[in-house]
Amino acid sequence: MLDAFSQVMTSPSLLLISLLAVSLGIIWGALPGLSTTMAMMLLIGLSAGMEQYTALMFILSVYTGSVFGGAISAVLLNIPGTPDSGPTMMEGRHLTMRGEGGKALGMAIASSFIGNWVGIIVLMAFIPMVLVFALEFRSWEMFLLAMVGISICGAMSSGAMPLKGWIAGWLGILVALVGMDPIYAEQRYTFGIPELMDGVNYIAVLIGLFGMTEILRVLPRMHHLPIPKDVGRVIPSMRLLGKHSVAALRSGVVGTITGAIPGAGANLASFLSYDLGKRFAKPAEKAKWGKGSYEGIICSEVANNANIGGSMLPTLTLGIPGNAPCAALIAALSLHNVVVGPTIEVDHPGLVYFIFAALLVANLFMYVAAIGLIKPSVILFSLPRGVLMPLILPICVIGAYSVRLSMFDVWVMFISGLVGLALRYYRFPIAPIVLGIILAPMADENLRRALIYFDGRSWGFVATQWVGTVLLIGLIAIFVEGVWRMIRVARAQRAPPAAP
Amino acid sequence: MSNTEIGTTFKGEDEGSDYASPRADIIAAALLIVLASWYTFEALGFRAPGGWKTGTGLVPAAAGISLIIMALGLAYTAWRRRDAEPVSAANDKQSVDDPRRMLLLTAMIFIYLLAMGNLTFGLRGYVGDAYMVFGAFEITTILCLCAVMKVFWDGALWKIVAISVGWTTFLSITFRNVFLIPLPG
């Protein structure tokens with residue numbers, strides 16, 4: 001660990017990349033409409049030309065910066081820059097109206113800093129244990145794990161309608177199965193197109209779904225954003241944070257745990273932590289919630305930043321993305337021939353420690369850069385969408401093209417953008433598609449291997465594979481809970497309104 | 001939807017996801033059934049030399065069949081809600097505010113990509129010590145950005161041209177000369 005940390009700290013180029021990437025992430029996250037996931041997806045292709053460690057440092061720093069960046073517009077503009085800063089907005093807008101916007105942002109910076117620390121410490125503590133456990137996984141368990149990942153993401157991403165989340169995940173599976181079959185080398189759904197023999201370039205698909213879709217959706221809108229009032233002095237107050245240390249710690253734990261659940265991202269973490277914070281707040285503090293509570297900002301910001309460390313846990317140990325930005329991380333790593341999963345420490349010794357070090361350094365830079373970047377970000381808010389969104393268009397093109405230097409992939413990106421737009425129109429979530437695309441090859445290969453292994457054996461033998469059995473029960477439980485949730489929502493909608 | 005209404009409650013990890021109007025959900029279900037049926041039909045025709053358990057079409061067929069079942073479920077829930085008020089009518093509209101402007105933008109991007117893939121023009125040479133390329137990517141990107149900004153921003157022409165040329169040059173130099181990533185054209 002110390003080796004990795006000193007490797008980062010003694011490399012001026014890595015430090016510079018981290019500082020630049022954190023700054024880019026903060027500005028990106030601050031601009032409404034540009035999400036963390038979009039930043040990560042667009043940058044995968046751009047990291048193709050970098051060396052492995054540089055690319056990792058770049059991507060992780062952007063991730064760290066952009067999760068915080070959402071708080072800036074949430075507090076100053078009353079628009080969450082990223083969806084997970086919704087609770088920050090609820091409290092921050094009142095504080096800004098009272099002339100305490102700078103102090104609120106200072107609190108958001110300090111909370112994000114602490115949240116990142118909690119997430120990283122938990123990640124460092126648990127990763128060796130999970131890796132040892134994950135080495136027990138064989139084909140059957142890996143297949144079930146992939147299906148659990150896709151299904152749980154579907155269930156989490158679509159609150160009232162998990163069915164749509166599952167359908168989106170299954171669409172990702174359909175896309176991922178295009179190309180050469182890994183066992184018999186038979187072509188599937190290639191229509192004789194040579195570019196499809198290697199499968200659909202999923203990086204192009206991801207850029208299309210998260211980049212092109214947003215351009216097509218947001219740019220034609222006519223309205224513009226308001227320019228924020230004076231920010232005031234930004235003071236990250238650790239003393240004030242200390243007053244709410246219990247709430248900070250609880251939010252850190254909530255954020256990390258939700259991060260470790262595949263599909264449950266920063267959005268759930270911040271809302272859940274905010275809700276818990278409100279329930280557990282002391283009466284005097286509780287009276288301030290919804291009217292400008294610093295504790296509310298702490299709960300939201302600590303949780304969504306702790307989520308980063310938590311989401312790395314299943315990503316690095318099992319190869320199951322903790323959330324959509326982590327799917328981008330997996331894609332970026334695959335470009336550098338790194339396959340994440342139980343054998344990551346065997347195949348790439350030291351890489352996990354480098355990731356710890358990169359996250360720590362990015363967090364330190366986030367604290368510094370955030371203070372300096374708030375006022376420049378405010379200037380960028382005045383940039384019309386008609387200028388901002390077209391500038392992203394060539395980045396989408398370069399990102400899709402740079403992976404295989406193929407115009408075919410650029411067209412795949414464009415078509416994915418149109419499909420993404422249609423899915424948004426029909427109110428389907430996008431994130432489960434990403435998990436479907438990434439996990440389907442793993443599910444395909446491992447299911448067929450498992451069936452060969454179980455050939456001629458009894459159901460009793462299958463049941464004795466206890467990890468697999470637990471995962472199978474978990475998978476069934478996800479579907480049962482999702483269907484039950486849909487039934488409850490349908491009943492609630494049909495129920496007559498209560499008398500006043 | 002006003003600004004204050006955005007993101008104030010948790011509606012799932014993906015905020016854009018919810019019930020659509022019953023009609024939209026039925027159309028979506030019908031499209032999914034057609035897609036999944038074709039996918040399954042194709043999968044059943046794949047080779048299976050070692051039996052169905054290792055067959056190339058096993059997972060595609062399973063995925064297709066389960067997707068058909070899910071799409072039927074979606075159609076059923078939409079049918080049950082057929083007489084109800086659309087749950088998220090306002091949000092449905094939010095997806096595409098102005099279809100004409102969206103179609104115009106799509107057409108512009110389509111022409112941009114088509115031109116980039118087919119234009120063979122390119123200038124190469126040294127500016128000082130730096131090897132510079134001015135090819136299809138640069139030409140089409142500048143033209144496309146100018147056109148898109150003119151339509152969707154309507155700022156002063158000199159500002160549009162300056163931003164388009166400046167941004168394209170920055171990207172071109174950064175990727176061709178710093179990251180050493182070739183660009184289209």
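The values are calculated or read from the model by the stated rules, or taken from the named source; none is laboratory data. The model shown is predicted, which means the values in this text are computed figures rather than measured ones. With ideal geometry, Cβ positions are generated from the backbone for all residues, glycine too; neighbour counts draw on all protein chains shown.
One line per residue, one yes/no per condition, for (1) more than 7 Å from every other protein chain (Cβ to nearest Cβ); (2) outside any helix (DSSP H, G or I); (3) closer than 20 Å to A:Ile17 by Cβ; (4) out of contact with any Pro (no Cβ under 6 Å at 6 or more places or on another chain):
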residue: A:Ala358; (1), (2), (3), (4): yes, no, yes, yes
residue: A:Tyr367; (1), (2), (3), (4): yes, no, yes, yes
residue: A:Val387; (1), (2), (3), (4): no, no, no, yes
residue: A:Ala400; (1), (2), (3), (4): yes, no, no, yes
Close pairs from segment A:49-62: first in a loop (DSSP other than H, G, I, E, B), partner aromatic (Phe, Trp, Tyr) and surrounded by 24 or more Cβ atoms within 10 Å (Cβ to Cβ), Cβ under 7 Å, at least 6 apart: A:Met50/A:Phe58
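Looking only at segment A:164-176, count every residue that is within 9 Å of chain B (Cβ to nearest Cβ), surrounded by 24 or more Cβ atoms within 10 Å (Cβ to Cβ) and not aromatic (Phe, Trp, Tyr) and tell me the total. Explain how you work it out, then say what you get.
Start the filter on segment A:164-176 by keeping residues that are within 9 Å of chain B (Cβ to nearest Cβ), which leaves A:164-168, A:170-171, A:173-174.
This time we only want the ones that are surrounded by 24 or more Cβ atoms within 10 Å (Cβ to Cβ), so: A:164-168, A:170, A:173.
In the following step, the residues that additionally are not aromatic (Phe, Trp, Tyr) were identified as A:164-165, A:167-168, A:173.
Summing the residues that are within 9 Å of chain B (Cβ to nearest Cβ), surrounded by 24 or more Cβ atoms within 10 Å (Cβ to Cβ) and not aromatic (Phe, Trp, Tyr) in segment A:164-176 gives 5.
Evaluate the following for A:Ile433: is it of a type outside the set (Phe, Trp, Tyr), within 7 Å of chain B (Cβ to nearest Cβ) and not in a loop (DSSP other than H, G, I, E, B)? Can you show your working first?
Details: of a type outside the set (Phe, Trp, Tyr): yes; within 7 Å of chain B (Cβ to nearest Cβ): no; not in a loop (DSSP other than H, G, I, E, B): yes.
Answer is no for this residue.
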Inter-residue pairs, beta-carbon under 7 Å, first of a type in the set (A, V, I, L, M, F, W, C) and in segment A:457-468, second part of a loop (DSSP other than H, G, I, E, B), 6+ apart: A:Val467/A:Glu136; A:Val467/A:Phe137
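Is it true that A:Leu123 is surrounded by fewer than 24 Cβ atoms within 10 Å (Cβ to Cβ) and in contact with a Ser or Thr (Cβ under 9 Å, 6 or more places away or on another chain)? Explain how you work it out, then say what you get.
Values: surrounded by fewer than 24 Cβ atoms within 10 Å (Cβ to Cβ): no; in contact with a Ser or Thr (Cβ under 9 Å, 6 or more places away or on another chain): yes.
No, not satisfied.
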Residue that is under 17 Å from the mean Cα position of the chain (by Cα) and either surrounded by fewer than 24 Cβ atoms within 10 Å (Cβ to Cβ) or within 28 Å of B:Phe170 (Cα to Cα) (or both), where the choices are A:Ala370, A:Ala332: A:Ala332
Segment B:32-69 - residue that is hydroxyl-bearing (Ser, Thr, Tyr) and more than 7 Å from chain A (Cβ to nearest Cβ) and, of those, surrounded by the most Cβ atoms within 10 Å (Cβ to Cβ): B:Thr40
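So, in segment A:262-278, exactly how many residues are more than 10 Å from chain B (Cβ to nearest Cβ) and at pLDDT below 85? Steps first, answer last, please.
Keep residues of segment A:262-278 that are more than 10 Å from chain B (Cβ to nearest Cβ), which gives A:262, A:273, A:276-278.
So of that shortlist, the ones also at pLDDT below 85 come out as A:262, A:278.
Residues that pass the stated criteria total 2.
Going by the conditions given, is A:Ser151 surrounded by fewer than 24 Cβ atoms within 10 Å (Cβ to Cβ) and among the polar types (S, T, N, Q)? If you could, list the steps in order and put the result at the bottom.
Values: surrounded by fewer than 24 Cβ atoms within 10 Å (Cβ to Cβ): no; among the polar types (S, T, N, Q): yes.
Against the criterion (surrounded by fewer than 24 Cβ atoms within 10 Å (Cβ to Cβ) and among the polar types (S, T, N, Q)), A:Ser151 does not qualify.
So that you can scan it fast, the table gives a plain yes or no per residue for (1) modelled with pLDDT of 80 or more; (2) touching an Asp or Glu at 6+ places or on another chain (Cβ under 9 Å):
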| site | (1), (2) |
| --- | --- |
| A:Ser6 | yes, no |
| A:Pro12 | yes, no |
| A:Leu15 | yes, no |
| A:Ser18 | yes, no |
| A:Ser23 | yes, no |
| A:Gly33 | no, yes |
| A:Leu43 | no, no |
| A:Gln52 | yes, no |
| A:Ile59 | yes, no |
Failed condition for A:Phe191, given (1) at pLDDT below 90; (2) in a helix (DSSP H, G or I): (2)
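Can you name the residue in segment A:411-452 that is farther than 23 Å from A:Pro314 by Cα, among the β-branched types (Val, Ile, Thr) and touching a residue at least 12 places away in the same chain (Cβ under 8 Å) and is also surrounded by the fewest Cβ atoms within 10 Å (Cβ to Cβ) among such residues?
Taking segment A:411-452 and keeping what is farther than 23 Å from A:Pro314 by Cα, we get A:411-428, A:448, A:451-452.
Still in the list and also among the β-branched types (Val, Ile, Thr): A:412, A:415, A:419, A:452.
With touching a residue at least 12 places away in the same chain (Cβ under 8 Å) added as a condition, the list becomes A:412, A:415, A:419.
Numbers: A:Val412: 23, A:Ile415: 15, A:Val419: 19.
This residue is A:Ile415.
Among the listed residues A:Leu225, A:Leu241, which satisfies the condition of being at pLDDT below 85 and in contact with a Pro (Cβ under 9 Å, 6 or more places away or on another chain)? Spell out the reasoning first.
Details: A:Leu241 fails: in contact with a Pro (Cβ under 9 Å, 6 or more places away or on another chain).
A:Leu225 is the lone residue from the list that is at pLDDT below 85 and in contact with a Pro (Cβ under 9 Å, 6 or more places away or on another chain).
Output yes when any residue across segment A:84-92 is assigned to a loop (DSSP other than H, G, I, E, B) and modelled with pLDDT under 80, and no when none is.
Within segment A:84-92, the first condition is being assigned to a loop (DSSP other than H, G, I, E, B), and the residues that meet it are none.
No, every residue in segment A:84-92 fails to be assigned to a loop (DSSP other than H, G, I, E, B) and modelled with pLDDT under 80.
Just the residues that are part of a strand (DSSP E or B) and touching a residue at least 40 places away in the same chain (Cβ under 8 Å), please, taken from segment B:133-148.
Hit for segment B:133-148 is B:Val133, nothing else.
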Residue within segment A:147-157 that is more than 8 Å from every other protein chain (Cβ to nearest Cβ), among the polar types (S, T, N, Q) and within 26 Å of A:Ser406 (Cα to Cα) present: no
The lone exception for A:Leu405 - which of (1) surrounded by 19 or more Cβ atoms within 10 Å (Cβ to Cβ); (2) aliphatic (A, V, I, L, M); (3) facing another protein chain (nearest Cβ under 7 Å) it fails: (1)
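How many of the residues making up segment A:177-197 are under 19 Å from A:Gly399 (Cα atoms) and either without any contact (Cβ under 8 Å) to a residue 60 or more places away in the chain or within 11 Å of chain B (Cβ to nearest Cβ) (or both)?
Pass one, segment A:177-197, residues under 19 Å from A:Gly399 (Cα atoms): A:195-196.
Narrowing the set further to residues that are either without any contact (Cβ under 8 Å) to a residue 60 or more places away in the chain or within 11 Å of chain B (Cβ to nearest Cβ) (or both) leaves A:196.
Total meeting the criteria: 1.
Would a scan of segment A:86-100 turn up a residue that is more than 25 Å from A:Trp117 (Cα to Cα) and of a type in the set (Val, Ile, Thr)? Step through it out loud before you land on a result.
Our first condition is that a residue be more than 25 Å from A:Trp117 (Cα to Cα); within segment A:86-100, this holds for A:93-100.
If we keep only those that are of a type in the set (Val, Ile, Thr) too, we end up with A:96.
Yes; the residues of segment A:86-100 include at least one that is more than 25 Å from A:Trp117 (Cα to Cα) and of a type in the set (Val, Ile, Thr).
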